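Below is one structure; the comments refer to it alone.
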């Protein structure tokens, strides 16, 4: 074989190795996005399990606030449905409804001193507040992962490999402007 043949095969091997490297990096990014979503999913499930306990505790004290409790229950169902289907846009909207409903619930609870003094209520309120902070952290990580994925699949030469192997772009988890404000649930209970 001639020197030109060796150079050709070396270049071909180098291009193939580079293509494999790009492919493997795209796979890693795709799985980072999936892992970030799974992390959010775990916390959403935990909160989903805590909310009925909170509603039940509130029902014992808030006999005349059924509409407030119903809004939280409906929002919880919307979050569950969006989470189960993996619909990122619907999840953002449902999360906004849920946080608004929780804010209203905790504001109305201010009118019920016995409820606020309940150890069970305080525990649930603290647990849900902790979950909210963790969910916010995981949303940030998810959006960072999605952004890294989407940039890579649009950059050349990665875009060639991404299109060849159908690497999809992912949607950022967006929220309403009101959702972007931090809800300090604990402050609602301080005198």
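The values are calculated or read from the model by the stated rules, or taken from the named source; none is laboratory data. Treat the numbers as computed from the prediction; the structure is a model and nothing was measured. Counting neighbours? That spans all protein chains shown, and the Cβs are built from the backbone with ideal geometry, glycine included.
What to note about this one:
- Unique match (being at pLDDT below 90 and part of a helix (DSSP H, G or I)) among 16, 21, 105, 12: 105
Quick grid of which residues meet (1) in contact (Cβ under 8 Å) with a residue 40 or more places away in the chain; (2) under 21 Å from residue 123 (Cα atoms); (3) out of contact with any strand residue (DSSP E or B) (no Cβ under 8 Å at 6 or more places or on another chain):
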| position | (1), (2), (3) |
| --- | --- |
| 42 | no, yes, yes |
| 85 | no, no, yes |
| 91 | yes, no, yes |
| 96 | yes, no, yes |
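- Hey, residue 115 under 15 Å from residue 132 (Cα atoms), surrounded by 17 or more Cβ atoms within 10 Å (Cβ to Cβ) and at pLDDT below 90 or not: no
- Taking region 24-54 as the range and being at pLDDT below 90, crowded, with 17+ Cβ neighbours inside 10 Å and farther than 19 Å from residue 138 by Cα as the test, the residues that pass are 51, 54.
- None of 143, 126 is part of a helix (DSSP H, G or I) and modelled with pLDDT of 90 or more except 143.
- Region 3-24 residues that are within 23 Å of residue 166 (Cα to Cα), paired with ones that are part of a helix (DSSP H, G or I) (beta carbon under 7 Å, 6 or more apart): 19/161; 22/158; 22/161; 23/161
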